[in-house]
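The values are calculated or read from the model by the stated rules, or taken from the named source; none is laboratory data. Worth saying up front: this structure is predicted, and the values here are computed from it rather than measured. Cβ coordinates were reconstructed from backbone atoms using ideal geometry, including for glycine residues, and neighbour counts include every protein chain displayed. Accessible surface areas use protein heavy atoms only, side chains included; no ligands, DNA or RNA. Shrake-Rupley method; radii C 1.70, N 1.55, O 1.52, S 1.80 Å.
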Amino acid sequence: MTSYVENQNISTLSILDLVAMKQAGEKITCLTAYDASFSQLIDQAGVDVMLVGDSLGMVIQGKKTTVPVSIDDMVYHTQCVVNARKRAFVIADLPFLSYGTAEMAIQSAAKLMQSAAAQMVKLEGAHLNIIELLVEYGVPVCAHLGLLPQSINQLGRYKVQGKSLHDAEKIIEDAHKVEQAGASLLILECVPADLATKISQSISIPVIGIGAGVGCDGQVLVLYDMLGISLGRRPKFSKDFMQTAQDIPNAIQQYHQAVKQLDFPASEHSY
Ligand code: KIV
């Protein structure tokens, strides 16, 4: 199948391309990236989006959680990724407490977009006033709902969210609210597949899932999980693509194809 983007002869993807992919029913592929070498490999494999995630605190820095990651860490790694990127759309995470006030959110987003050339920033939770403010000043925002790793000290452990009717309704409500506040993209982490499908079908912005089933508009995985090299246990929703690949570029290519063809995630990767 020729993809939407191959038809367009596009250099660097924009948010309009991602929306067009949702509308055309083409799955959006996304991987986390933290450095120039992997950025080049992921880009060359044709993966649509690279997320410079604050998961770098765990997989690069060896910390227990994402909480200690600073805005300067995010700027440095986003610069590394952008330096080697040609085609993929680049999103950078706003780290823990870097968007706690309007002023902090503007300053942090300015660093990620001006110093590091991110195309979009991501923040965890339905912080509607902050989303509206950033959007008003021209900052494209990706919202992140479901499991919020920056809230691990409140949650106690990483676990599936939205299992009860009450929690599922709250996530649906928040998804509609972040869309209305101006978010251009939504990441849904660790929620039941039927809930994620319902949300993806009921909002117009693209929904990218991680541990959220095959019904989302796209998928993201932590790069080191899908290469089988993360510290600690790989989550159930991830898959080690190196087990069937000859080398790293081939594993990334296999992931990209599996998402495009709806072969990943399978039911064993879903809740
Ligand atoms: O930081 C990260 O890598 C993320 C993904 C897990 C979505 O936010």
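Using the average count of surrounding beta-carbon atoms within 10 Å as a protection proxy, the listed peptides 79-87, 203-211 rank, highest first, as 203-211, 79-87. For the stretch 227-238, putting each phi into the Karplus relation 6.51 cos²θ - 1.76 cosθ + 1.60 with θ = phi - 60° gives couplings of 9, x, 10, 5, 5, x, 7, 6, x, 3, 6, 9 Hz, in residue order, rounded to whole numbers and with x for Gly and Pro. Note that the stretch 24-41 has calculated 3J(HN,Hα) couplings of 7, x, 8, 5, 8, 9, 8, 9, 6, 8, 9, 8, 5, 5, 5, 4, 5, 5 Hz, one per residue in order, obtained from phi through the Karplus relation 6.51 cos²θ - 1.76 cosθ + 1.60 (θ = phi - 60°); glycine and proline are x. Spatial offset of the stretch 119-142 relative to the stretch 154-203 amounts to 17 Å, using the alpha carbon center of each. Would you work out if the stretch 124-182 is rounded, prolate or oblate? Take a ≥ b ≥ c from the square roots of the eigenvalues of the alpha-carbon gyration tensor; rounded if a/c is under 1.5, else prolate when a/b is larger than b/c, oblate otherwise. In terms of gyration-tensor shape, oblate. Rolling a 1.4 angstrom probe over the chain with all protein chains present gives an accessible area of which 51% lies on carbon and sulfur atoms. Seen from a random direction on average, the alpha-carbon convex hull of the stretch 4-269 projects onto 12.7 square nanometres. Looking at the stretch 83-159, which chymotrypsin sites (Phe, Trp or Tyr not before Pro) are DSSP coil and have at most 15 other C-beta atoms within 10 Å of their C-beta? The qualifying sites are 137, 158.
Annotation: amide H of residue 28 within the under-5 Å range of 218, 219, sequence separation 5 or more or interchain, hydrogens built in the peptide plane.
Where only protein heavy atoms count, and the probe is 1.4 Å, what is the accessible area per residue for the stretch 4-269 in Å²? Heavy-atom accessible area per residue stands at 43 Å². Cα convex hull, the stretch 136-271: 131 Å³ per residue, rounded to a whole number. Each Lys or Arg adds one and each Asp or Glu takes one away; over the other residues whose Cβ falls under 14 Å from the Cβ of residue 202, this sums to -3. For the chain, adding -39500 (n - 2.57) for each run of n ≥ 4 DSSP H residues and dividing by the number of residues yields -11000 deg cm²/dmol at 222 nm. How high is the relative contact order of the stretch 195-246? Use alpha-carbon pairs under 8 Å, at least six apart in sequence, and give a whole percent. So the answer I get is 26 percent.
What the phi angles of the stretch 202-214 give under the Karplus curve with 6.51, -1.76 and 1.60, with θ = phi - 60°, is a coupling list of 9, 10, 8, 7, x, 10, 10, x, 9, x, 10, x, 7 Hz, glycine and proline written as x. How high is the relative contact order of the chain, in percent, with contacts defined as C-alpha pairs under 8 Å that are six or more residues apart? Averaging sequence separation for qualifying contacts and normalising by length gives 17 percent for the chain.
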